[in-house]
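Take a look at the structure below.
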Amino acid sequence: MTTTAPTDDVTETMVAVPPAGPGRWKGTLVGLGIALAVLLAGLAVPYVVTDTYRMSLVVDATILSLLAIGIGFLARHLGIISLGHGAFFGAAAYGVGIATTNWGWSPTTAVGFGILVGTGIALVMGLLVVRASGFGFLMLTLALSQALYALSVQTSARPLTGAHDGKLLSYDRDQTFLGLGQADVMNPGLFWPMAWVALTVCATLLWVVGRSRFGTTLEGIRENEERMRFSGYGTFGPRLVAFVLSGAVASVGGALFAINAGYVSPDILGFSKAGDSLIAALIGGFGLLVGPIVGTFLFVYAQANFNFGGNLHLFTGMTLILVLVFMPGGITGTFQKLYHRMRKGRR
Amino acid sequence: MTIFEGRGLTVRYGAHVALEGVDIALEPGVVHGVIGPNGAGKSTFIDALSGRKRPSAGTVTFEGADITRRSVRWRRGKGLSRSFQRTSVFGSMTVGDQLEMVARRNDEQDLDEIVSTLGLDAIRHQVCSEIAYGTQRSVDLAIALIGRPKVVLLDEPCAGLVHDESVRMLQHVRDVCKDRDVAALLVEHDVEGVFRTCDVITVLDLGKVLASGAPDEVRADENVIRAYLGSAA
Amino acid sequence: MNAAQLLNGVALGSLLMVLSSGLAMIYGLRGVANFAHGALYMAGAYIAYSVSDRAGFWLALLVVPLALAVLGVVLELAFFRPLQHRSHIELGLITFGLALMAERLVVLIWGESTLRVNPPEFLQGTTSFVGIEYPSYRLAIIVIAVLLAAALIVWLRSTSIGLHIRAASQDIETAAIMGINVDRVSLVVVAVGAALAGLAGALAAPYIALDPGMGNAFLITVLIVVVVGGIGSIAGAMIAGMGLGIIQTVTTVWSPSLAVVVPYAALTIVLLWRPTGLAGKRVS
């Protein structure tokens, strides 16, 4: 009797329903334990990946994963797809660049400042967009981030952003980012702990938030916004909080990106960065928190190895279509389905 | 003793008048039925009363205060609740999870009682989109009843139910209304069910009140017979 | 601001009008924002380049819409129809993948360098119009685009397929119940929408420089036009397209740095003020 008309909610087919119920707290503790173990184990990566180029790819993917899990969090819990997270990533990166290079701040303070700038932009954008859903949301996030991009490349913005040329970061020899000088931060082996700790902490935070009562509220809004209001819940506030949180995580990525690369160019603000990250997240799958991370690592790997003749976008476009048509839910979603099928078969 | 009242409610869509100057008054412990042929304005009426649609003219008062411009969220907090004709539940969540979520917000002390009254114990841990349609309608009703609302507006709770389910649903509605002293408005397509269940009945036709009163009076009303009930009554 | 600048705005608005009415038709019917619409526009321009190189520009204006209509049919049969029960956003993202591929395919076929198309000889000069000398080809764009828009409106208003399209755009499920062959309507709509996009590309070709990024650069503006105009409203898209074209060109004269944010500002203001767009009825 319940007809399922196609809606703008992506979660129907793309997100598997997470099991909930009793034992939630126990599950959270176990999850935190696992997260800590993964964090500690991951610190050993530079001893396994000894090649500097490969290690730099791993660091890149880790930083970009922060952008992807930000996008994935919104898709997973609110069923909305953002094309505007490049704005937060980029604004945080420019914040770091401007604070160090123009104002002479220490890199550590500048990173904090960058994260604040990105999160602030997320708050402002969030106030404008979180009422929308579906294509409206997608379009507004796209348009507002494009507006930021268009402003950043203006000639009048050159002293701050370097316009189309981008911005080279420079700070004094004695200034450090958490003990790393300007030469050290570009060494992927030395920068690795920063990126890895940031990713695991942010991912764990998003996971805990998703399991909390606030996460349940978000799920209620995703499933039926109107009924939530008729059940006495405000829906604007929770959506805004989720949007700003996901923007803050993307900002952490952007700030680290600027420090690590030592250079910020306007294309990270625009739609191509957010688009790539969204594609990576879609290919990895939104259903599991690690989906966007898996997708980002694959994307960075593919970018480094299959970009012959500049055909990367031909292949990513093709992969995106194949994944969406044949394995909605992405790679992790497909594994999840296989796993559930196997367990059912055994019973 | 009126607790909830709509006066002169009018809703226009451009030039089309869907509802024109409709009055209604609800009392605690009384089930007030609203019937009318298709296009009579029943859904518009409940939307205007519940705050889903702002009326073009007229006022809605609750406990003597004008609440016409209040948000649906505010109304729910004060004890005004509604259900939906097109089943409105939280599909991906388990029945238990969604009822607990609504119960947390609306300060419900005895969720188990609602669950058992509506016969939802057995499916509490099932995902809502996977249970039978008739049971989903009960979940929809349960969501509306959580938090001991003082007024409940029910939009065709029996839509799509088979006869037995329909009888049971209306019995639940009447029981809850009497046990909890709730003022209930029951918009329903099932005329026979409304006459069996309700204490007061209002008949709408073409956006206006055709008749209002006790079931026997309404049944005997000439206008109602001519316009709507016909020989069936 | 003088008349020439205003006419430039009208010329840009005319292109936006043709392009966005096709996008709006597909959006209205399938509920999908076709991110590949910019790619269709670009394909139209590049095919026009190849055809006019060999057989002249006028033939290109005939060949391009036909070729693009075929592409539209492929798009409908390969994606929109078989995947119509998926969420609209998923379908939109698939067209996003197509747009990515198209940008690269154009490079592989036509190369990366900027290409130019010459307008037909008798349109290469200027014409005196309202007291100024104005490039003839731009006037031709305006005339052709306005005629196209008028023809489209007449077609939708006075033919039975037009009636079916309007009915299906209102409510596709009800239209299907009423006995309208929704699949056939959708096929026609996507083919016509693609043909219009191609025609816009062909018309634009002599006016702008062709490069592989042209489609996606224009796409964002066109998407904004459609959302501002009201989702699924063809008349709304036409008005918004013309309006945005004029406003943007005029603002460029006053302040170039202000002009770049005009479309985004317009979108934000309109969506905050009227979430369904200027002429929209449905919430996206």
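The values are calculated or read from the model by the stated rules, or taken from the named source; none is laboratory data. As the structure is a prediction and not an experimental result, all values here were calculated from the model. No Cβ is skipped: glycine too gets one built from the backbone with ideal geometry, and neighbour counts run over all protein chains shown.
If you take the residues in segment B:27-39 that are surrounded by 24 or more Cβ atoms within 10 Å (Cβ to Cβ) and farther than 11 Å from B:Ser212 by Cα, which one is farthest from the chain's Cα centre (by Cα)? Can you show your working first?
Here is the first cut: in segment B:27-39, the residues surrounded by 24 or more Cβ atoms within 10 Å (Cβ to Cβ) are B:31, B:33-36.
Still in the list and also farther than 11 Å from B:Ser212 by Cα: B:31, B:36.
Numbers: B:Val31: 10, B:Gly36: 14 Å.
Per the criteria, the residue is B:Gly36.
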Restricting to segment B:111-137, and then to whatever is in a loop (DSSP other than H, G, I, E, B) and under 22 Å from the mean Cα position of the chain (by Cα), can you tell me which residue is nearest to B:Asp179 (Cα to Cα)? B:Leu118
Taking segment B:112-126 only, how many residues are in contact (Cβ under 8 Å) with a residue 12 or more places away in the chain, farther than 22 Å from B:His163 by Cα and surrounded by fewer than 18 Cβ atoms within 10 Å (Cβ to Cβ)? 3
Residue match in segment C:59-69 (condition: in contact with a Gly (Cβ under 8 Å, 6 or more places away or on another chain) and at the interface with chain A (Cβ under 10 Å from one of its Cβ atoms)): no
Picked from segment B:67-83 (must be part of a loop (DSSP other than H, G, I, E, B) and either under 15 Å from the mean Cα position of the chain (by Cα) or of a type outside the set (A, V, I, L, M, F, W, C) (or both)), the residue farthest from the other protein chains (Cβ to nearest Cβ) is B:Thr68
Among the listed residues C:Thr252, C:Thr221, identify the single one that is closer than 26 Å to C:Leu139 by Cβ, more than 17 Å from the chain's Cα centre (by Cα) and either part of a helix (DSSP H, G or I) or at pLDDT 85 or above (or both). C:Thr252
How many of the residues in segment C:177-188 are part of a helix (DSSP H, G or I) and either of a type outside the set (Gly, Ala, Ser) or surrounded by 23 or more Cβ atoms within 10 Å (Cβ to Cβ) (or both)? 7
Anything in segment C:107-122 that is under 17 Å from C:Gly201 (Cβ atoms) and hydrophobic (A, V, I, L, M, F, W, C)? List them, or say none. C:Val107, C:Ile109, C:Trp110, C:Leu115, C:Val117
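Would you mention how many residues in segment A:305-322 are in a helix (DSSP H, G or I) and surrounded by 15 or more Cβ atoms within 10 Å (Cβ to Cβ)? If you could, list the steps in order and put the result at the bottom.
Of segment A:305-322, the ones in a helix (DSSP H, G or I) are A:305, A:308-310, A:312-322.
Retained after the next criterion (residues that are surrounded by 15 or more Cβ atoms within 10 Å (Cβ to Cβ)): A:312-321.
So the answer is 10.
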Report yes if some residue within segment B:184-202 is at pLDDT below 90 and among the hydrophobic types (A, V, I, L, M, F, W, C); otherwise report no. yes
One residue from B:Glu108, B:Glu100, B:Glu113, B:Glu130 being out of contact with any Leu (no Cβ under 6 Å at 6 or more places or on another chain), of a type in the set (Asp, Glu) and within 9 Å of chain A (Cβ to nearest Cβ): B:Glu100
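Looking at segment A:236-247 only, could you name the residues that are free of Cβ contacts under 8 Å to residues at least 40 places away in the same chain and surrounded by fewer than 20 Cβ atoms within 10 Å (Cβ to Cβ)? Break it down into steps so the answer makes sense when it comes.
At the first step, the residues of segment A:236-247 found to be free of Cβ contacts under 8 Å to residues at least 40 places away in the same chain are A:237-238, A:241.
If the condition is that a residue be free of Cβ contacts under 8 Å to residues at least 40 places away in the same chain and surrounded by fewer than 20 Cβ atoms within 10 Å (Cβ to Cβ), then A:Gly237, A:Val241 are the ones that fit.
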Mind checking which residues of segment B:84-97 are more than 7 Å from every other protein chain (Cβ to nearest Cβ) and assigned to a helix (DSSP H, G or I)? B:Val95, B:Gly96
Quick count over segment C:213-239, residues being surrounded by 24 or more Cβ atoms within 10 Å (Cβ to Cβ) and either aliphatic (A, V, I, L, M) or over 20 Å from A:Met139 (Cβ atoms) (or both), is 12
Are any residues in segment C:74-100 touching a residue at least 24 places away in the same chain (Cβ under 8 Å) and of a type in the set (Ser, Thr, Tyr), and if so, which ones? C:Thr95
What is the residue count in segment C:255-284 for residues that are at pLDDT 80 or above and part of a loop (DSSP other than H, G, I, E, B)? 3
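Which of the residues belonging to segment B:65-86 are of a type outside the set (D, E, K, R) and surrounded by fewer than 21 Cβ atoms within 10 Å (Cβ to Cβ)?
In the first step, residues of segment B:65-86 are kept if they are of a type outside the set (D, E, K, R); the result is B:65, B:67-68, B:71-72, B:74, B:77, B:79-81, B:83-85.
The answer is B:Ala65, B:Ile67, B:Thr68, B:Ser71, B:Val72, B:Trp74, B:Gly77, B:Gly79, B:Gln85.
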Taking segment A:293-330, which residues are without any contact (Cβ under 8 Å) to a residue 24 or more places away in the chain, under 17 Å from A:Val58 (Cβ atoms) and small (Gly, Ala, Ser)? A:Ala302
Look at segment C:47-104 and say how many of its residues are among the basic types (Lys, Arg), surrounded by fewer than 18 Cβ atoms within 10 Å (Cβ to Cβ) and outside any helix (DSSP H, G or I). 1
Can you confirm whether C:Ala191 is at pLDDT below 85, buried (at least 18 other Cβ atoms within 10 Å of the Cβ) and over 22 Å from A:Leu144 (Cα atoms)? no
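Out of curiosity, is A:Phe286 within 14 Å of chain C (Cβ to nearest Cβ) and not in a helix (DSSP H, G or I)? Before the answer, list the steps.
Values: within 14 Å of chain C (Cβ to nearest Cβ): yes; not in a helix (DSSP H, G or I): yes.
Yes: the conditions hold for A:Phe286.
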Residues that are within 14 Å of chain C (Cβ to nearest Cβ) and surrounded by fewer than 24 Cβ atoms within 10 Å (Cβ to Cβ): list the helices (runs of 4 or more DSSP H) wholly contained in segment A:76-154 that include at least 1 such residues. A:107-129, A:134-152
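What is the residue count in segment B:49-64 for residues that are within 18 Å of B:Ala184 (Cα to Cα), surrounded by 15 or more Cβ atoms within 10 Å (Cβ to Cβ), of a type outside the set (A, V, I, L, M) and away from chain A (no Cβ under 14 Å)?
If we filter segment B:49-64 for residues that are within 18 Å of B:Ala184 (Cα to Cα), which is where we start, we get B:49-52, B:60-64.
Of the ones still in play, those that are also surrounded by 15 or more Cβ atoms within 10 Å (Cβ to Cβ) are B:49-52, B:60-62.
Pick out the ones that are also of a type outside the set (A, V, I, L, M) and you get B:50-52, B:61-62.
Keeping just the survivors that are away from chain A (no Cβ under 14 Å) gives B:61-62.
Residues meeting the conditions: 2.
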What is the residue count in segment A:207-260 for residues that are of a type outside the set (Ser, Thr, Tyr) and within 30 Å of B:Lys78 (Cα to Cα)? 29
Would you call B:Leu170 buried (at least 23 other Cβ atoms within 10 Å of the Cβ) and part of a helix (DSSP H, G or I)? yes
Residue by residue through segment A:248-289, note down the ones that are buried (at least 24 other Cβ atoms within 10 Å of the Cβ), farther than 27 Å from C:Leu219 by Cβ and modelled with pLDDT under 90. A:Gly287
Kindly provide the set of residues from segment A:163-179 that are free of Cβ contacts under 8 Å to residues at least 60 places away in the same chain and of a type outside the set (Asp, Glu), ordered by number. A:Arg173, A:Gly179
Considering residues that are over 22 Å from B:Leu145 (Cβ atoms), within 14 Å of chain B (Cβ to nearest Cβ) and of a type in the set (D, E, K, R), the number found within segment A:173-231 is 2
